[in-house]
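The values are calculated or read from the model by the stated rules, or taken from the named source; none is laboratory data. Only a predicted model underlies this, so the values are computations on that prediction, with no experimental measurement involved. Virtual Cβ from ideal backbone geometry, glycine too; neighbours counted across all protein chains shown.
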Amino acid sequence: MKQKIILCLVSIFAFTLFAKSQNSISFTYDDSGNRVKREFFTAMPVAPSDPIQEITDVTNLLDFSDVKIFPNPTKGKLRIDIPMVQSKMSGSITLFNTNGKKIFHQNHISNKCFVDLESYNSGMYLLNIVYEDQKLEWKIIKH
């Protein structure tokens, strides 16, 4: 009986310790369903004498609000504006269908890129932009 009580107390202590060390990811979406912000919060352990617990906010270097993809939904031609890119730079734009098949890929990106979806079926697609080790994703709807 004594061992069960000790085991129960140790389990409760371990659970509360584990629960306090959880990380949190928060996503913000615009009215069209595009993700516009990603925040990663980490609860940092602090010393008992320190009254304030630090929370670190890590956001993307490539700000979602700076990238414009339009029109979305589209009937064919999709324009991607990435204002922080000055000229053709290392990075990529990739478009996948809902089965995960890559249907478009462009190795270098510039501040204005175009993707032609006219020959593809209507439906939802996933657009990935990789730039300076950052990966951004958008849902694209084709009518």
Practice problem: Would you be able to tell me the number of residues in region 128-142 that are modelled with pLDDT of 90 or more and over 12 Å from the mean Cα position of the chain (by Cα)? | Solution: 3
Quiz item: Could we say that residue 64 is out of contact with any Cys (no Cβ under 6 Å at 6 or more places or on another chain), at pLDDT 90 or above, surrounded by 10 or more Cβ atoms within 10 Å (Cβ to Cβ) and within 21 Å of residue 29 (Cβ to Cβ) here?
Solution: no
Exercise. Test residue 135 against the stated conditions and say whether it is charged (D, E, K, R), farther than 18 Å from residue 36 by Cα and touching a strand residue (DSSP E or B) at 6+ places or on another chain (Cβ under 8 Å).
Key: no
Exercise. Taking the options 104, 114, name whichever one is part of a strand (DSSP E or B), surrounded by 14 or more Cβ atoms within 10 Å (Cβ to Cβ), more than 18 Å from the chain's Cα centre (by Cα) and modelled with pLDDT of 90 or more.
Key: 104
Practice problem: Scan region 92-141 for residues that are farther than 16 Å from residue 68 by Cβ, in contact with a Phe, Trp or Tyr (Cβ under 6 Å, 6 or more places away or on another chain) and touching a residue at least 40 places away in the same chain (Cβ under 8 Å) and jot them down. | Solution: 95
